[in-house]
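The next block holds one structure in the form of structure tokens; read it before the comments.
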Amino acid sequence: MTESMVSFDIVAEAGEARRGQLQINDRTLETPHLFPVINFYGGGNEGALFGGGVHRTVKEFLAHDKEVTAGKDYSDLFHGVMTSIASLTDYGIREKKLDWYLDNEVREWDCFSDYDGMIFADSGGYKILKHGGGLEGEDFEKDIDQDKALDMQLDLGPDILVNLDHPIHPDDEFEERIEKMEQTAANAARFAERRDEVDGACYLTVHGYYEAMLERSFDLVEDELAVPIPEAFDGIALGSLVPRKDNVEVLVEAVSDCKREMQQRGYDDLPLHVFGISGKAMPLLVAVGADSFDSASYLHQAINGKYSVNLFETVPVDEADFDACDCRICNDDFHRARMRNEMDDLYQKDILGSVAAHNLAIQQRELRQYRQLIAESDQEQVAEYLEEAVKDQKGFRKFVYQLINERMNPYFEETDTTYA
Ligand SMILES: [Zn+2]
């Protein structure tokens, strides 16, 4: 039995955007925050940081591997990371290896022992559902239920955990959505029964794109739980948005409707995490009250040879202007040479790993600046920041102006209202 210390303090607000401090035992995270997705196990062995191609180079940054960091500290990119039990079997491992991975918590492996950020262990619901309710390796298939998922999550030694969820899909029929929501709620109740075993924060997953669905999602959980949600859970995680990730309007509506539900039910003090979203949607979702995100987009962009210019734009790596970037990766001759493919015997993972770290740095830098603006509790500055961020983004502009006019304008009447 453990008594975990979890608190979430909102230290400043600007409209619905908020800047907070999430404290879990002896770790603190400044919010809003992006948890980059990390695959700690890439099918390999400890000496090679468990391998995993570009994932491995990212881990070299995270684990302060001297050959990549040259002694420099990149820990600010990894204050909190997201990993999933489903990623354990990404590389078709044998069951013996899975057991070996789960034998030690992440920080008990020598190579990750220095890592001092938060580990958010996802239950892998999305992927497990996709594979018919289980995990598959070379020589095994495992059905995963709530208890098994939690056992595996706990084996990683995480700071934040979520119940096993059944994400809904835009194509699901109504009945199917309700059934998935009921299963998710039943899992949440079982998760709550075992919360004494968790030395960290327990998040509840909810699903939905608009208010009526979210209302149903919260109702079902409340019906299943023996205690009010804030007594069983330390945070809310909103899922099912990944298939809609390119439709910013849907994302903003989902997050603001989720916030509204939380307010009406008195859960507004809990942090709100949004699964699987990052990049261009983040500033808007922060503006309507999201506190954290997770995403692998920094990595997928790199794998596709894309270098982030800002939250909205990427260019092919060989067209990138490293002088225009103030991140430490681009200001390091070693990484420049890597990204330009100017060194002998470079592996793709080395070239693209540095690009991935840069892409992540861009997103983290953006959120750091945003946190500062919110800390000043100045709505006008936040609105200006949003406008500046989208000024060259045609698809976004109109939407942002609408958001500012409808949701933020009452706070500062003197704003130019010639937006639309
Ligand atoms: Zn850079």
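Observations on the model:
Matching residues to (1) touching a helix residue (DSSP H, G or I) at 6+ places or on another chain (Cβ under 8 Å); (2) among the basic types (K, R); (3) closer than 26 Å to N39 by Cβ:
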{"residue": "Y307", "(1), (2), (3)": "yes, no, yes"}
{"residue": "A320", "(1), (2), (3)": "yes, no, yes"}
{"residue": "I329", "(1), (2), (3)": "yes, no, yes"}
{"residue": "A356", "(1), (2), (3)": "yes, no, yes"}
{"residue": "L360", "(1), (2), (3)": "yes, no, yes"}
{"residue": "Q363", "(1), (2), (3)": "yes, no, yes"}
{"residue": "E376", "(1), (2), (3)": "no, no, no"}
{"residue": "Q379", "(1), (2), (3)": "yes, no, no"}
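- Within the range 294-320, the only residue that satisfies the criterion of being near the ligand (Cβ under 10 Å from one of its atoms) and either surrounded by fewer than 21 Cβ atoms within 10 Å (Cβ to Cβ) or farther than 22 Å from D76 by Cβ (or both) is V309.
- Filtering the range 215-252 to residues that are among the aromatic types (F, W, Y) and open to solvent by 30 Å² or more (accessible area, probe 1.4 Å) leaves nothing.
- Residue in the range 344-351 that is more than 11 Å from the ligand (Cβ to nearest atom), modelled with pLDDT of 90 or more, more than 30 Å from V11 (Cβ to Cβ) and in contact with a Lys or Arg (Cβ under 6 Å, 6 or more places away or on another chain) present: yes
- Of all residue pairs spaced 6 or more apart or on separate chains, those with beta-carbon atoms under 6 Å, a first member in the range 325-339 that is of a type in the set (D, E, K, R) and a second member that is within 8 Å of the ligand (Cβ to nearest atom) are R336/F322.
- Candidates A186, A192, A212: the one that is over 18 Å from the mean Cα position of the chain (by Cα), at pLDDT below 95 and either crowded, with 19+ Cβ neighbours inside 10 Å or of a type in the set (G, A, S) (or both) is A212.
- Every condition in (1) surrounded by fewer than 16 Cβ atoms within 10 Å (Cβ to Cβ); (2) more than 30 Å from D26 (Cβ to Cβ); (3) in contact (Cβ under 8 Å) with a residue 60 or more places away in the chain holds for F140 except the one numbered (3).
- All positions within the range 326-380 that are within 19 Å of D291 (Cβ to Cβ), surrounded by fewer than 16 Cβ atoms within 10 Å (Cβ to Cβ) and more than 22 Å from the chain's Cα centre (by Cα): E376
- Each residue in the range 322-343 was checked for being of a type in the set (A, V, I, L, M, F, W, C) and more than 10 Å from the ligand (Cβ to nearest atom), and 3 of them qualify.
- Pair list, Cβ < 6 Å and 6+ apart or interchain, from the range 88-105 residues that are open to solvent by 80 Å² or more (accessible area, probe 1.4 Å) to residues that are not small (G, A, S): R94/E138; R94/D139
The values are calculated or read from the model by the stated rules, or taken from the named source; none is laboratory data. What you are looking at is a predicted structure, and each value in this text was computed from that prediction instead of being measured. No Cβ is skipped: glycine too gets one built from the backbone with ideal geometry, and neighbour counts run over all protein chains shown. Heavy atoms of the whole protein, side chains included, go into the accessibility calculation; ligands, DNA and RNA do not. Shrake-Rupley method; radii C 1.70, N 1.55, O 1.52, S 1.80 Å.
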